[in-house]
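Everything on this sheet refers to the single structure shown next.
The values are calculated or read from the model by the stated rules, or taken from the named source; none is laboratory data. These numbers were taken from a predicted model, which means no experiment stands behind them. Note that each Cβ is placed from the backbone with ideal geometry, even for glycine, and that neighbours are counted across all protein chains shown.
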């Protein structure tokens with residue numbers, strides 16, 4: 001290896017180290033936002049949120065709104081696509097919920113209050129309207145790293161972190177009503193796949209707890225999955241179980257959906273909906 005190639009390789013190593021150190025620093029520089037869901041209403045059109053900077057350096061935060069609700073494909077894979085414009089959903093609250101301030105620098109180990117204000121259009125039909133408040137944060141320190149003594153190339157990445165929080169505006173009479181259209185269960189090898197097809201029949205998002213238990217031939221619980229759910233319209237939810245050795249055939253799946261048991265949402269903000277219970281037999285192949 002000649003001297004020129006050796007120097008080039010050495011500089012590349014220095015560059016890689018600088019990039020890795022910068023990435024690690026900025027990943028640790030993410031902000032904390034509370035609450036995790038914001039509720040506004042025709043009786044309470046203002047709300048406050050708190051941005052906390054737990055890092056040792058100032059963080060610049062920009063705030064804007066998008067629209068996005070959980071959606072699923074035919075296999076039960078769930079995703080949220082955020083849209084900033086061309087939103088035609090009748091339940092969108094984009095354009096009439098504002099945040100103040102919209103840009104702020106939060107000093108190290110400090111917090112900042114953000115105020116939300118809803119100015120809905122007149123004669124808004126009863127129900128719930130949705131938006132996502134997006135916090136885009138990055139380091140407020142923009143100085144470049146000093147060059148090394150041998151002239152090696154250095155760099156600093158300014159990584160941008162984004163956090164999207166659901167905002168819900170409620171007005172009039174509110175109804176939470178969930179329908180379980182179908183429970184599909186398949187058994188492949190040591191796997192049991194449960195696919196729940198659900199439809200929201202109310203005028204608010206259905207918030208609850210989904211509990212799915214896999215039972216053996218004696219009715220004994222083998223495995224259990226418990227998760228929070230929020231159903232806005234139609235949604236398919238997939239739950240996968242890996243069977244332990246020695247479990248007894250045939251299997252049953254016990255499904256329960258209930259508005260009770262949510263600990264992440266204040267009781268005063270819960271619109272209590274219906275409860276659903278069903279049992280499905282797992283057919284062996």
Margin query: So, in the range 25-34, how many residues would count as being in a loop (DSSP other than H, G, I, E, B) and either at pLDDT 95 or above or touching a strand residue (DSSP E or B) at 6+ places or on another chain (Cβ under 6 Å) (or both)?
Written below: 3
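Rundown of residues vs (1) touching a residue at least 40 places away in the same chain (Cβ under 8 Å); (2) surrounded by fewer than 17 Cβ atoms within 10 Å (Cβ to Cβ); (3) in contact with a strand residue (DSSP E or B) (Cβ under 7 Å, 6 or more places away or on another chain), yes/no style:
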| position | (1), (2), (3) |
| --- | --- |
| 181 | no, yes, yes |
| 190 | yes, yes, yes |
| 196 | yes, no, yes |
| 199 | no, yes, yes |
| 207 | yes, no, yes |
| 217 | no, yes, no |
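Please work out if residue 266 is more than 26 Å from residue 74 (Cβ to Cβ) and surrounded by fewer than 14 Cβ atoms within 10 Å (Cβ to Cβ). Steps first, answer last, please.
Numbers: more than 26 Å from residue 74 (Cβ to Cβ): yes; surrounded by fewer than 14 Cβ atoms within 10 Å (Cβ to Cβ): yes.
Spelling it out, residue 266 is indeed more than 26 Å from residue 74 (Cβ to Cβ) and surrounded by fewer than 14 Cβ atoms within 10 Å (Cβ to Cβ).
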